[in-house]
1. Looking at E90, E70, which one is under 22 Å from L156 (Cα atoms), acidic (D, E) and assigned to a strand (DSSP E or B)?
2. For W387, all conditions in the list (1) more than 30 Å from S209 (Cβ to Cβ); (2) surrounded by 11 or more Cβ atoms within 10 Å (Cβ to Cβ) hold save one; what is the number of the exception?
3. Among the residues of region 179-238, write down those that are without any contact (Cβ under 8 Å) to a residue 24 or more places away in the chain and either β-branched (V, I, T) or under 21 Å from V64 (Cβ atoms) (or both).
4. Just name the residue that is modelled with the lowest pLDDT out of those in region 11-21 that are out of contact with any helix residue (DSSP H, G or I) (no Cβ under 7 Å at 6 or more places or on another chain) and more than 12 Å from V371 (Cα to Cα).
5. Taking the options L241, L254, name whichever one is out of contact with any Pro (no Cβ under 6 Å at 6 or more places or on another chain) and more than 16 Å from L335 (Cβ to Cβ).
6. Mind telling me which of the residues V197, V145 ends up being touching a helix residue (DSSP H, G or I) at 6+ places or on another chain (Cβ under 9 Å) and within 21 Å of L105 (Cα to Cα)?
7. Would you list the strands (runs of 3 or more DSSP E) that sit entirely within region 204-309 and hold 3 or more residues that are buried (at least 22 other Cβ atoms within 10 Å of the Cβ) and of a type outside the set (S, T, N, Q)?
8. Looking at (1) of a type outside the set (A, V, I, L, M, F, W, C); (2) in a loop (DSSP other than H, G, I, E, B); (3) closer than 30 Å to I189 by Cα, which is the one condition that is false for G30?
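The values are calculated or read from the model by the stated rules, or taken from the named source; none is laboratory data. Keep in mind that this is a model prediction, so the values were computed, not measured. Quick reminder, even Gly has a Cβ in these numbers, built from the backbone with ideal geometry, and neighbours come from all protein chains shown.
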Amino acid sequence: MIWLQILIELIGYLVIIYSVLFITFNICLGVISLKETRYYLRKNTKADYKLLASSPYAPSLSIVAPCFNEANNIVQSVRSLLSNYYFNLEIIVVNDGSTDNSMQLLYDAYDLQKAHHFVQGKLNTESIHGIYKSINPAFSKLVVVDKANGGKADALNAGINVSGNQYIISIDADCILAEDALLKIIKPIIDETEGTVIASGGVVRIANSCLVEDGKLVKVNLPVNLLARIQVLEYMRAFLLGRMAWSRLNGLLLISGAFGAFNKEILINSGGYNSETIGEDMELVVRMRRYMQERKLPYKVTYIPDPLCWTEAPSTLPVLIRQRNRWMRGALQTLQLHQVLCFNRTYGLMGLISYPYWLFFEVGGPIIESVGTLVFLLGIIFGLIKWKIFFAILFLLLSIGIINSLFGIFMEVMSYHQYKKPSDILKLILVAFIEPFLFHPIIVYANVCGIIDYLRKNNEWGVMTRSGFKNNISLNTPNLLYGLDERKQ
């Protein structure tokens, strides 16, 4: 049993060292996030976004929205997108080979006719059957692309090729845009004077149990479903404590696929979306960053604490596990495709810190936790666990994790305070105490399954169902996009 005792102690020390490094890193990120959020709020509280919306000198934007078999909602969804006010704006809806009557509904509702539209981009996509514009002046900003099915990334590339503006706004499936989302996401691009902002993103929030009418978020509610409620806290930590800090350091590797703005020229020069990956949003940002680094061009990837879009989170365990499995496989694909970055000084902070962080903490974390758990179980079976030391370490790690969650809640309250009821804040605090025991083990399991599926070269997207919102009002705007359960395999 001596070898097992040595193994248990060795794994224990590794877990402690790993945990200390992870906790230290996240404390640093939290402090940076707090400072950056306070600076952002002071700087932008009195910003006149209405002036920006009406200015002909503001950067021109193209919203690209892929859709597939969305006949039930597509007309209303497009109407919602058209309601966004911005002077230099075009809305490109890409019908990616729908087999229902989605295209016919668009044709009838918006008085479409085939147009001789110049295709500027050179990204490879499936064939385009036709490009349509409306003869009704009220819909002059709308462009509809009808193409052969190629998947979400392919549809986005087709929309980018057709677009005529400076910046691409990509919209993912289940998201609802805030009314001023376009204005806020473009402001960091305008403010930057020392380099090119190649991508810009903002906070994504959970819309479960919220009231949605005509594609607009009418009332913010804390999710009734416990699983979704825990994800509210998880998103607070990820966006307010994580990505804000990475943005300040200019080391951000991911702009959420739900909603992001991209410099069109750099996007095309970098090769567009990779249709061979299932994490195309992260892979694109990393590739665009490499493009700029390798040419020694000054650039930034910005992130702001504004809640720009709202998304429906999984409310059942099977859907959540499939989602996190897919996220892990997408991250691993990106890390493998860009492994040259790892500890490569040529790529600056991205190579020396950002890439290793993803590799050792985002990917390595679930592996270390799983191995530690297995060794711990062996120790129990053979009676080799030193319980006083074990409980002391466990208490320390759980306490720090809970404090980190409470800090995320504090950041939410001191910034945009979307959940106004004191009872909602109390419920989130309660969630912070139960998450390590109920939610975290599930995420670790899903991530480990994702790693195994990645090694088995399983690239399936997986069926991801949506349950809709309060009063049976579904995700109107996002439904026109590629849904969670619709993608070319």
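1. Residue meeting the stated conditions: E90.
2. For W387, the exception is condition (2).
3. T193, V218, V224
4. So, considering only residues that are out of contact with any helix residue (DSSP H, G or I) (no Cβ under 7 Å at 6 or more places or on another chain) and more than 12 Å from V371 (Cα to Cα), the one modelled with the lowest pLDDT is Y13.
5. Numbers: L254 fails: more than 16 Å from L335 (Cβ to Cβ).
The conditions single out L241.
6. Values: V197 fails: within 21 Å of L105 (Cα to Cα).
Sole residue among the options that is touching a helix residue (DSSP H, G or I) at 6+ places or on another chain (Cβ under 9 Å) and within 21 Å of L105 (Cα to Cα): V145.
7. Fully inside region 204-309 and qualifying: 259-263.
8. Unmet for G30, out of (1) of a type outside the set (A, V, I, L, M, F, W, C); (2) in a loop (DSSP other than H, G, I, E, B); (3) closer than 30 Å to I189 by Cα: (2).
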